[in-house]
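What follows is one structure encoded as structure tokens, with my remarks underneath.
The values are calculated or read from the model by the stated rules, or taken from the named source; none is laboratory data. Please read all numbers here as calculations on a predicted model, not as lab measurements. Glycine gets a Cβ as well: all are built from the backbone with ideal geometry, and neighbour counts include every protein chain shown. Areas reflect the complete protein model, heavy atoms only, side chains present, ligands, DNA and RNA absent. Shrake-Rupley method; radii C 1.70, N 1.55, O 1.52, S 1.80 Å.
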Amino acid sequence: MTLLDVLQEKLTGKNVKIVLPEGEDDRVLEAATQIQGTDYVSPILLGNESNIKALASEKGLEISSLEIIDPETSELKQELVTAFVERRKGKATEEQAQEMLKDVNYFGTMLVYTGKAEGLVSGAAHSTGDTVRPALQIIKTKPGVSKTSGIFFMIKDDQQYIFGDCAINPTLEAQDLAEIAVESAKSAKSFGMSPRVAMLSFSTKGSAKSDDVEKVATAVNLAQEKIEADQLEDVVVDGEFQFDAAIVPEVAKKKAPDAKIQGDANVFVFPSLEAGNIGYKIAQRLGGFDAVGPVLQGLNSPVNDLSRGCSKEDVYNLSIITAAQSLQ
């Protein structure tokens, strides 16, 4: 069974409410009608109802059973404005909140924060910053997590891997890399994987010397300490590895014969956003892997970001993953 098969099985009958703020985007609308036909997810579309109905008519879509909320006219607006002002603790007046909640991402995030929905998927027509900023301001990170990070599920046939951070943090210190490694391991476990986390570099176990290599080596030690302290069973973190030593047993035997990971890693932590973003796109475009994500980890409630080049299948898949996150 693929990851999505497993998640759909877990979600059967749950009807998890997921907000889709970009209801006026044809890809999002088509995905919402597909999702509505299941009992996994109940989508909530945001946008101008007339515009959404016109788009549905143009595309030949049946949307009579879809929940549509217009942030401009919704009776929930004042309740959400009041909750927003309280949450921001003096950083926004009521007048500023009224203006900010005209933004569908802020409005949708407030639906999640107030418990009217369990998660949010956006980014088909917005930048990552537009999607993530409201989540960081309102939902915020879990206790003990300093930064959210973005992972991709890389799926091809029966192969399934996690790549991170590929979406959020431009610069990462050793402590940040360690935190991402642990959070990625937790994500892997929650989706039924047995995490074997490889911390990547251009060096394998000291084969090259530089500050960048030392940073990754330090991150490995910090991550291992945190895994032991948190008593995370069945989690292995090792490194630093070049990618081939992390994924090819024959290479691992030559380059890192004493390593805990012997070419059998399934979670890969990249040393920088630059490396991670390039890496997942190479695997996607040249390797033929489906890249599902970015899935944001470390938040109190799930908010996930699409690529603006996404397909309706991407919207559907990320909605399923977001719903599954909410059950955890």
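Scanning the range 228-253 for residues that are farther than 17 Å from Q160 by Cβ, of a type in the set (A, V, I, L, M) and within 23 Å of the chain's Cα centre (by Cα), we see that the one that is surrounded by the most Cβ atoms within 10 Å (Cβ to Cβ) is V237. Restricting attention to the range 128-135, does a residue exist that is more than 14 Å from R87 (Cβ to Cβ) and either in contact with a Leu (Cβ under 7 Å, 6 or more places away or on another chain) or hydrophobic (A, V, I, L, M, F, W, C) (or both)? Yes: the range 128-135 contains one or more residues that are more than 14 Å from R87 (Cβ to Cβ) and either in contact with a Leu (Cβ under 7 Å, 6 or more places away or on another chain) or hydrophobic (A, V, I, L, M, F, W, C) (or both). Taken together, the residues in the range 76-88 that are more than 16 Å from L46 (Cα to Cα) and either hydrophobic (A, V, I, L, M, F, W, C) or not in a helix (DSSP H, G or I) (or both) amount to 4. Once the range 181-211 is narrowed to residues that are among the charged types (D, E, K, R) and more than 26 Å from the chain's Cα centre (by Cα), the residue that is most open to solvent (accessible area, probe 1.4 Å) is K209.
Please indicate, with yes or no, whether at least one residue in the range 153-166 is touching a Gly at 6+ places or on another chain (Cβ under 8 Å) and among the β-branched types (V, I, T). No, the range 153-166 has no match at all. Being under 30 Å from V182 (Cα atoms), out of contact with any Leu (no Cβ under 7 Å at 6 or more places or on another chain) and surrounded by 17 or more Cβ atoms within 10 Å (Cβ to Cβ), is that true of even one residue in the range 84-92? There is at least one residue in the range 84-92 that is under 30 Å from V182 (Cα atoms), out of contact with any Leu (no Cβ under 7 Å at 6 or more places or on another chain) and surrounded by 17 or more Cβ atoms within 10 Å (Cβ to Cβ). The set of residues in the range 254-298 that are over 26 Å from Q175 (Cβ atoms), under 22 Å from the mean Cα position of the chain (by Cα) and either outside any helix (DSSP H, G or I) or of a type in the set (S, T, N, Q) (or both) comprises Q284, G287, G288, F289, D290, A291, V292. Going by what's in this entry, would T73 be described as over 25 Å from D305 (Cα atoms), assigned to a loop (DSSP other than H, G, I, E, B) and β-branched (V, I, T)? Criteria met by T73. For the range 29-70, the set of residues classified as open to solvent by less than 40 Å² (accessible area, probe 1.4 Å), outside any helix (DSSP H, G or I) and not charged (D, E, K, R) consists of T38, V41, S42, P43, I44, L45, L46, G47, I63, L66, I68, I69, listed by residue number. In the range 37-48, the residues that are over 14 Å from S326 (Cα atoms) and small (G, A, S) reach residues that are open to solvent by less than 30 Å² (accessible area, probe 1.4 Å) and not in a strand (DSSP E or B) with C-beta atoms within less than 6 angstrom, at least six apart or across chains, in these pairs: G47/G23. Would you confirm, using the coordinates I've provided, whether L222 is farther than 18 Å from I151 by Cα, part of a helix (DSSP H, G or I) and among the hydrophobic types (A, V, I, L, M, F, W, C)? So L222 fits the description; yes. Per the listing S149, S127, the residue uniquely buried (at least 21 other Cβ atoms within 10 Å of the Cβ) and under 19 Å from the mean Cα position of the chain (by Cα) is S149. Against the definition (in contact with a Pro (Cβ under 7 Å, 6 or more places away or on another chain), crowded, with 19+ Cβ neighbours inside 10 Å and in contact (Cβ under 8 Å) with a residue 60 or more places away in the chain), how does V295 come out, yes or no? Taking the combined requirement at face value, the residue does not satisfy it. Sub-7 Å Cβ pairs linking a first residue in the range 221-242 that is touching a residue at least 60 places away in the same chain (Cβ under 8 Å) and among the β-branched types (V, I, T) to a second residue that is outside any strand (DSSP E or B) and surrounded by fewer than 16 Cβ atoms within 10 Å (Cβ to Cβ), at least 6 apart or interchain, number zero. Residues that are in a loop (DSSP other than H, G, I, E, B) and touching a Pro at 6+ places or on another chain (Cβ under 8 Å) within the range 193-206 comprise just one, S201. Only a single criterion out of (1) touching a helix residue (DSSP H, G or I) at 6+ places or on another chain (Cβ under 6 Å); (2) modelled with pLDDT under 95; (3) within 23 Å of I278 (Cα to Cα) is not satisfied by G192, namely (3). All of (1) closer than 21 Å to C310 by Cβ; (2) at pLDDT 95 or above; (3) open to solvent by 30 Å² or more (accessible area, probe 1.4 Å) hold for D26 with one exception: (2).
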